[in-house]
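These notes concern the structure reproduced below.
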Amino acid sequence: MPKRSPDQLDIEVGLRLRTFRLQKGLSQEKLGDQLGLTFQQVQKYEKGINRIGAGRLQRIADILEIPVADFFTSHKQEGVAPAELFKLLGTAAALRLLRAYSRIREPKQQQAIMRLVESIAADNDRVPKSPLPFRAR
């Protein structure tokens with residue numbers, strides 16, 4: 001029997017699961033414990049390798065305190081596809097950055113930070129990647 005490749009919807013649900021889990025501050029292990037699963041199984045769900053059954057998806061939504069529909073809702077925001085948005089927010093560092101930024105109340109400070117981050121990103125786009133990783137001390 002040939003191995004099936006992940007379905008796009010399974011991948012998107014997995015990305016959303018990861019994002020919601022990180023927002024809630026749960027590790028894969030802690031979520032797995034609450035579901036009676038290993039962290040590896042949660043990892044497979046998040047990558048879309050394994051499909052999440054309806055009952056289990058409802059239990060996950062209950063644990064994360066979100067409606068099940070949030071795993072499927074698709075809203076376009078400023079031209080960014082929902083899957084891309086969830087992929088961007090699917091790291092702990094991105095969520096930390098977003099949370100810290102949202103606590104800044106001064107618009108001029110927000111603009112300065114945005115210019116700084118965009119400048120750094122633009123510099124990274126221009127600099128060719130080195131074959132050897134550079135380690136800052």
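Results for (1) in a loop (DSSP other than H, G, I, E, B); (2) surrounded by 10 or more Cβ atoms within 10 Å (Cβ to Cβ); (3) at pLDDT 90 or above, shown as yes or no for each residue.
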{"position": "ASP62", "(1), (2), (3)": "no, yes, yes"}
{"position": "ILE104", "(1), (2), (3)": "yes, yes, no"}
{"position": "VAL117", "(1), (2), (3)": "no, yes, no"}
{"position": "ASN124", "(1), (2), (3)": "no, no, no"}
{"position": "PHE134", "(1), (2), (3)": "yes, no, no"}
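Matching residues to (1) surrounded by 14 or more Cβ atoms within 10 Å (Cβ to Cβ); (2) modelled with pLDDT under 95; (3) in contact with a His (Cβ under 9 Å, 6 or more places away or on another chain):
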{"residue": "LYS3", "(1), (2), (3)": "no, yes, no"}
{"residue": "PRO6", "(1), (2), (3)": "yes, yes, no"}
{"residue": "GLU12", "(1), (2), (3)": "yes, yes, no"}
{"residue": "ARG16", "(1), (2), (3)": "yes, yes, no"}
{"residue": "PHE20", "(1), (2), (3)": "yes, yes, no"}
{"residue": "LEU26", "(1), (2), (3)": "yes, yes, no"}
{"residue": "THR38", "(1), (2), (3)": "no, no, no"}
Quick one: would you say LEU57 is at pLDDT 95 or above and assigned to a loop (DSSP other than H, G, I, E, B)? no
On the given criteria, is LEU85 surrounded by 10 or more Cβ atoms within 10 Å (Cβ to Cβ), touching a strand residue (DSSP E or B) at 6+ places or on another chain (Cβ under 9 Å) and either at pLDDT 85 or above or assigned to a helix (DSSP H, G or I) (or both)? yes
Here the residues within region 9-35 that are of a type in the set (Lys, Arg) and either in contact with a strand residue (DSSP E or B) (Cβ under 7 Å, 6 or more places away or on another chain) or farther than 15 Å from ASP70 by Cα (or both) are LYS30
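The values are calculated or read from the model by the stated rules, or taken from the named source; none is laboratory data. If you're wondering where the values come from, they're calculated on a predicted model, not measured in any experiment. Backbone-built Cβ (ideal geometry, glycine too); neighbour counts: all protein chains shown.
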